[in-house]
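Presented below is the structure to which this report refers.
The values are calculated or read from the model by the stated rules, or taken from the named source; none is laboratory data. Just so it is clear, the model here is predicted, and its values are computed rather than measured. Here the Cβ positions follow ideal geometry from the backbone for every residue, glycine too, while neighbour counts run over all protein chains shown.
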Amino acid sequence: MKRPIFINKAFFTILLFLTGILSQAQSGFVSGTIEDSDGVPIPGVNLVIKGQTKGTQTDFDGNYRIECEIGDVIIISYIGQQTREVKITAAMFGEKQHSTAVKTVAVKSILDTTYQTSVQKHIPSFLVVPNIQESSKTHNGKQYLNVNRLKEISKKGNTVKLTYFKPDIFFEVGISSQLGMQFVQQSNLPEIQKTFAQGIPVNGTNTYLGPETSTQFSYGPRINALDFDGVSYPFDTNGRLVATGGGTGKTGIIYDNNPFRNVLKTTNNLFLKVSTDKHFFGLDYLNNSGMDIYNVEQNNLNELNLNYYNSPANDGLQWYMDLKHVKSIDNQPNINGFQNNLLLNALVTPISFDNDQGTTLQDGNQRSFSTSRFNNPKWLLNSNRNQLENDLWLAVLRNEIYISDRVSMNSKFGYTLSTNNQEFGLFTNTAGFLDGYTSDKVITKDVFDSTISIDWDEYFGGTTLEVFSSIHYNNENLKYQFSESHGFDTNTFINPINSNSINRDLSRAIFRWATRIDYRFLDRNAKFSFVNNSFTSTKQNSKWFLPTFQLEYEFGRLFYSGLLERLDLSLGYGNDINYLNLFYDNLSHNSLRVSPEESFGYTANNDLFASDAVKLEEKKSYELNLDLGMRISQQYWTLNTTYYSNTTNGSVFPVWENNQYQLQNVANIKNSGIEWSLEGNTYNYDEFTFTPKLIFSSYRTKVLDLLTDDTSIPIAGFSSLSKNLIKGQRAGVLVGSVYERDAQNTIIVDSEGFPVISPIPEIVGDPTPDFNLGFSSIFKWKGFQFDFVIDYQKGGDIWNGTQSVLNYFGTSQQSALERELDNSFFNRVQRNGSEGIAEDAIVDGSYVNLKSIHLSFEKKHEDSKPFFRQLKIGIYGTNLFMISKFKGATPYSSLFDQTSSQGIHFFNNPTISEVGMKINIKI
């Protein structure tokens, strides 16, 4: 397989050879398997589309599936690995579907020496014997799809004759089922106090003030100092709370308002493969189903794949045909920060109020602990019309032909039709949307995609020359429909007072021409590569010369010793471009015009689109890579070291200008770092094997220039706390409120003894971690396998706005402790507002997490005709144990699930744990 030019070799070592960036057309669901060099699946690899919320993670069989399109950038990260970016190109589409098809190929290499010995005995002088491992002919082994079965070997004169069985039809049927239970551990949520009831201090006394007063705070008396009066009361079936002795004697109850529940998820995959010596047909059906983490709505995904390819004799024309349909429905999506809003309302609810006792009062208004100011989480769950539906159809026709032993040609033609339908709505009397609100957003894309490529190579003694050239044409059309309404009848979505709509139709044609020249010399130990990419489209500008150079040298045995067995060195320089999607999916700018207090009414409907005014992002890359192979204590170890430096000129971000957001080329940003990967060869003793892997990475960014007149450009967050681009600083530093300080850096206090707040926001933190470290190991013994993945991050600043809000309202355990020590605590937090002072909310983002653990047993039947050819059962767990510097840390989520908002914690979705079992059967 030809290795792409200037792909970070260290990164693919860290990912342990990414196999199958597999897709079917211009856009769709890329799917495949990530395995190591031994074919062992790698769980826990994260794949996210840059600037979008769409993402996935490999499961315990190393499988993944992610929706993307040509031009998207996939952010791929593995434990301990600094996040890297891989751009989706035409060459990544149209590969064979699923690694299982690769693993169950129709033939396998000859295991005995019959063929080899016979040929060696009867070889004529003119016959060139191919390498046995490269032979396409096999014996009648115990594989499922053996087609070309060797029957007899004989000699006639100076000719070796191979006789085969007549072609048969072979099939394979398999089913894979997974049952998992998802849950949110209490340790993964902010710590809530269980002592003080709703209320505020009055004349120095903590006074209970019930829901009818709309009091927002939990600074009342201790709950065990209150009784229920037993009188009919719309906010509690037990009656009102009164001071002990004034009621029925039934002490106040500490209510648990955690909105999360334990839920079950199921995954079922059924496939059928039929093969002859010249034809292959495959059918694959996948269904994912389960309740949301609140156990309210059912979510579903259905995927159907049909594929066919032929295997002509004598390297003739080979055809691949693929058809796929995917439909997914999420009935509780995080549109407009719905889930952030829900968690906020749940965590600020006083322990003296029970959200489970109904959501509506007799007058039809919402039943909450603070009417019109806060929502009952159950109200949000039961009175919305939220839904995210994706529907995708794609078809692909590909062919491959070997014109000669040195020349091959490939072509691909694909068509994709995708629809993304987002529905959002909340009833009247919902805090943030008191008049009620609905929105409907439909994004339809149809794409025609074609690629023609030719590959030529030639051998000249100890040198090799290979030329690869491809022409890619893409035509896409986007239809955008948006409508919103508000002012509905009570508790309905009818008779809106106001409505408006927006319609956009955009189209674009893209042409790319890429040529690569590889020259191997010095007995093919050295390789020099040159690539040029040309790009032009009907939107944005064109780039006709984007050269990339790479030099590699395999020192081989030049440095061979008892310790060092391999040393490979490569260095490269490259140029590339990034172009905008027609629809700009990075929605992080939508919250920049609101404060955290205004997030109840947050909507992400300020959508942006590609235009000619925005130029292409130009990327220059430098890389130095060193691979070492060492033998220590009879075990083989590989150490990979990579240094890289990438500069993106004209980085595109939304900026606020003329009372609206516009996409502009705003900054030149540099990103450099170093990565180490250490992998031990399998330790083998009495059928027991152990394979350890250790990965380290550290990176730094820097804003080289701002291309606007601004001194700071906010890119994510809120109006009062945001991530910014500032010249000379790391990209995405946190900027917010700070205390006023004198020349000696001492905080200035006012006449009342309270700190003075500076009127000018300043840099308060940097989300960039000091380093990431990951450790994983795989243990095997006979049919058993045990593996785990541990993720560690050191440093990285986080703005923990969640804690500030909970302190302000008095529901955090920290507020319970501090009010006991400081009588002025309530007055102090009131002065600074619900989000507090930004510099007080900066916390250390360090964490260590047991990301995954898996135990399985596999049995392969060696009989010639077994019914069950393979059985594999396993149990697994994800995110089972995490230690972090602050309670409620969510290292794998960001504000409103926007990737640019990493480092901002404001009631982000918590880390979800899962345990379950999986069974795979093949017949």
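Scanning the range 212-230 for residues that are over 9 Å from GLY199 (Cα atoms) and hydroxyl-bearing (Ser, Thr, Tyr) yields THR213, SER214. Among the residues making up the range 737-789, those that are within 21 Å of GLY801 (Cβ to Cβ), in contact with a Phe, Trp or Tyr (Cβ under 9 Å, 6 or more places away or on another chain) and polar (S, T, N, Q) are SER758, THR768.
Considering the range 537-560, and only residues there that are hydroxyl-bearing (Ser, Thr, Tyr) and surrounded by fewer than 15 Cβ atoms within 10 Å (Cβ to Cβ), the residue that is modelled with the lowest pLDDT turns out to be TYR560. Selection over the range 659-673 of residues that are of a type in the set (A, V, I, L, M, F, W, C) and closer than 25 Å to GLU623 by Cβ gives a count of 2. Candidates ASN541, ASN532: the one that is free of Cβ contacts under 8 Å to residues at least 24 places away in the same chain and either outside the structural domain of GLN366 (by TED's automatic domain parsing) or under 32 Å from the mean Cα position of the chain (by Cα) (or both) is ASN532.
Quick grid of which residues meet (1) crowded, with 17+ Cβ neighbours inside 10 Å; (2) closer than 30 Å to ILE919 by Cβ; (3) at pLDDT below 95:
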{"residue": "PRO211", "(1), (2), (3)": "yes, no, no"}
{"residue": "GLY220", "(1), (2), (3)": "yes, no, no"}
{"residue": "PHE235", "(1), (2), (3)": "yes, no, no"}
{"residue": "LEU241", "(1), (2), (3)": "yes, no, no"}
{"residue": "ILE253", "(1), (2), (3)": "no, no, no"}
{"residue": "LEU264", "(1), (2), (3)": "no, yes, no"}
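Checked against the criterion of being of a type in the set (Ser, Thr, Tyr), closer than 30 Å to GLY174 by Cα and within 32 Å of the chain's Cα centre (by Cα), the candidates THR878, THR890 yield just one match: THR878. Taken as a whole, the range 547-561 holds at least one residue that is within 24 Å of VAL652 (Cβ to Cβ) and either out of contact with any helix residue (DSSP H, G or I) (no Cβ under 7 Å at 6 or more places or on another chain) or of a type in the set (Phe, Trp, Tyr) (or both).
Checked against the criterion of being out of contact with any strand residue (DSSP E or B) (no Cβ under 6 Å at 6 or more places or on another chain) and of a type in the set (A, V, I, L, M, F, W, C), the candidates LEU394, LEU344 yield just one match: LEU344. The residue of the range 266-278 that is farthest from PRO221 (Cα to Cα), among those that are over 26 Å from the mean Cα position of the chain (by Cα) and surrounded by fewer than 16 Cβ atoms within 10 Å (Cβ to Cβ), is LYS278.
Per the listing ILE443, ILE403, the residue uniquely in the same structural domain as ASP363 (by TED's automatic domain parsing) and over 25 Å from the mean Cα position of the chain (by Cα) is ILE403. Summed over the range 875-909, the residues that are hydrophobic (A, V, I, L, M, F, W, C) and either in a loop (DSSP other than H, G, I, E, B) or under 16 Å from VAL843 (Cβ atoms) (or both) give a count of 8.
Scan PRO692, PRO761 and give me the residue that is of a type outside the set (A, V, I, L, M, F, W, C) and under 23 Å from ILE842 (Cβ atoms). On inspection, the qualifying residue turns out to be PRO761.
Yes/no per residue for (1) small (Gly, Ala, Ser); (2) assigned to a loop (DSSP other than H, G, I, E, B); (3) at pLDDT below 95:
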position	(1), (2), (3)
GLY562	yes, yes, yes
ARG566	no, no, yes
GLY574	yes, no, no
VAL594	no, yes, no
VAL614	no, yes, no
SER621	yes, no, no
LEU624	no, no, no
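Is the range 874-883 home to any residue that is closer than 30 Å to ASN605 by Cβ, crowded, with 21+ Cβ neighbours inside 10 Å and of a type in the set (Phe, Trp, Tyr)? No - not one qualifying residue is present in the range 874-883.
Per-residue answers, yes or no, for (1) hydrophobic (A, V, I, L, M, F, W, C); (2) in the same structural domain as THR647 (by TED's automatic domain parsing); (3) at pLDDT 95 or above:
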{"site": "LYS670", "(1), (2), (3)": "no, yes, yes"}
{"site": "GLY673", "(1), (2), (3)": "no, yes, yes"}
{"site": "GLU679", "(1), (2), (3)": "no, yes, no"}
{"site": "ASP686", "(1), (2), (3)": "no, yes, no"}
{"site": "PHE690", "(1), (2), (3)": "yes, yes, no"}
{"site": "PHE696", "(1), (2), (3)": "yes, yes, yes"}
{"site": "TYR699", "(1), (2), (3)": "no, yes, yes"}
{"site": "LEU704", "(1), (2), (3)": "yes, yes, yes"}
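Is one or more of the residues making up the range 685-704 outside any strand (DSSP E or B), of a type in the set (D, E, K, R) and in contact (Cβ under 8 Å) with a residue 40 or more places away in the chain? There is at least one residue in the range 685-704 that is outside any strand (DSSP E or B), of a type in the set (D, E, K, R) and in contact (Cβ under 8 Å) with a residue 40 or more places away in the chain. For SER777, the stated conditions do not hold, so it cannot be described as of a type in the set (S, T, N, Q), buried (at least 20 other Cβ atoms within 10 Å of the Cβ) and touching a residue at least 60 places away in the same chain (Cβ under 8 Å). Of all residues in the range 332-351, those that are on the phi > 0 side of the Ramachandran plot have Cβ atoms under 9 Å from Cβ atoms of residues that are part of a helix (DSSP H, G or I) and among the hydroxyl-bearing types (Ser, Thr, Tyr), 6 or more apart or on another chain, in GLY337/SER591; GLY337/SER599. Yes or no: the range 786-803 includes at least one residue that is among the small types (Gly, Ala, Ser) and at pLDDT below 95. The answer is no; no qualifying residue exists.
Determine, yes or no, whether THR708 is within 30 Å of VAL652 (Cα to Cα), of a type in the set (Val, Ile, Thr) and assigned to a loop (DSSP other than H, G, I, E, B). So THR708 fits the description; yes.
Residue by residue, here is whether (1) closer than 18 Å to VAL184 by Cα; (2) crowded, with 21+ Cβ neighbours inside 10 Å; (3) in the same structural domain as SER595 (by TED's automatic domain parsing) holds:
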{"site": "TYR320", "(1), (2), (3)": "no, yes, yes"}
{"site": "GLN332", "(1), (2), (3)": "yes, yes, yes"}
{"site": "ASN336", "(1), (2), (3)": "no, yes, yes"}
{"site": "PHE353", "(1), (2), (3)": "no, yes, yes"}
{"site": "GLY364", "(1), (2), (3)": "no, no, yes"}
{"site": "ASN375", "(1), (2), (3)": "no, yes, yes"}
{"site": "LYS378", "(1), (2), (3)": "yes, yes, yes"}
{"site": "ASN390", "(1), (2), (3)": "no, no, yes"}
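When every residue of the range 489-499 is checked against the conditions, at least one turns out to be part of a loop (DSSP other than H, G, I, E, B), over 29 Å from the mean Cα position of the chain (by Cα) and of a type in the set (Phe, Trp, Tyr).
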